[in-house]
Amino acid sequence: MSGGCLHLRLMCFLLYPLPFFYLHLGSFFFVVTNAHSAWDCFTYRHAAIRFNRRTRQVHVFYTPKLGGPRSYNWDDIQATITAFDNGGYFVLNLLAATPDGTHYYDSFPVGGELVKEEECLGWWEYIRRYMEEGSDSVPEPGWYHTDRLSLKESFLRWFPLREMRRDKARGHDIRYSQRRMVLMSPMLVLFSLGHFVSMLTSRKVVWSKEIREACGEA
């Protein structure tokens, strides 16, 4: 949080460099059927979103190929939770609606896949309270993606050490997760290195001067 804005740097859907990417047949078919939007994921490091509580606007970053950043009035935003894989995981989506609420003219996901619907509800409540009650009503995020290139951050993207630390603090048994991480560690190392290469070869998100100034940045 800074300058009255909540900055979200969300990981793009496809984060492998091309040699790693073609190892995943499912991802290959995604690119074939969604080539236009998939290209958007290979050119920038994060799918960035800014929530500006002072101007009550939400800014979502899109590349110039997709029309550039889009801005929405907070009062037009509604939330919905989408279940995938028969409830195997959930994604929080925000919808932009007309003032009378009868027509939705845009939508975008916020965050990644969550294993419980309650986590999506909590995520939405965090955003809602920040926008409507201010930064003092919500805690600082425990961790978040940064703009810098970091091999450590790439490894933490795939090795769930932060998540296991959080679950242990909540009193959960993490021994199964620890064993599974150790067994999968050779593959996780490969994914982590691929993630770092993809970040290295992608561009940093740069917001327009107007949006930066609205968030109190020089």
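Selection of first residues in the range 46-72 that are assigned to a loop (DSSP other than H, G, I, E, B) and of second residues that are acidic (Asp, Glu) and open to solvent by less than 40 Å² (accessible area, probe 1.4 Å), restricted to Cβ pairs under 9 Å at least 6 apart or on distinct chains, gives the following pairs, ordered by first then second residue: 62/40; 63/40. In the range 165-205, which residue that is among the hydrophobic types (A, V, I, L, M, F, W, C) and surrounded by fewer than 12 Cβ atoms within 10 Å (Cβ to Cβ) is farthest from residue 43 (Cα to Cα)? By that ranking, first place goes to 169. Does any residue of the range 183-194 turn out to be more than 30 Å from residue 72 (Cα to Cα), outside any loop (DSSP other than H, G, I, E, B) and within 15 Å of the chain's Cα centre (by Cα)? No, every residue in the range 183-194 fails to be more than 30 Å from residue 72 (Cα to Cα), outside any loop (DSSP other than H, G, I, E, B) and within 15 Å of the chain's Cα centre (by Cα). Of all the numbered requirements in (1) touching a strand residue (DSSP E or B) at 6+ places or on another chain (Cβ under 6 Å); (2) farther than 28 Å from residue 64 by Cα; (3) at pLDDT below 90, residue 166 misses one, and that requirement is (1). Taking the criterion of being open to solvent by 90 Å² or more (accessible area, probe 1.4 Å) and under 18 Å from residue 49 (Cβ atoms), would at least one residue in the range 77-99 satisfy it? Within the range 77-99, none of the residues are open to solvent by 90 Å² or more (accessible area, probe 1.4 Å) and under 18 Å from residue 49 (Cβ atoms). Applying the criterion of being hydrophobic (A, V, I, L, M, F, W, C) and at pLDDT 90 or above to the residues of the range 65-82, the residue that is farthest from residue 110 (Cα to Cα) is 74. Summed over the range 94-152, the residues that are modelled with pLDDT of 85 or more and acidic (Asp, Glu) give a count of 8.
The values are calculated or read from the model by the stated rules, or taken from the named source; none is laboratory data. Note that the structure is predicted; figures quoted are calculated from it, not measured. Glycine gets a Cβ as well: all are built from the backbone with ideal geometry, and neighbour counts include every protein chain shown. When the accessible area is computed, the model is the full protein with side chains, heavy atoms only, and any ligands, DNA or RNA have been set aside. Shrake-Rupley method; radii C 1.70, N 1.55, O 1.52, S 1.80 Å.
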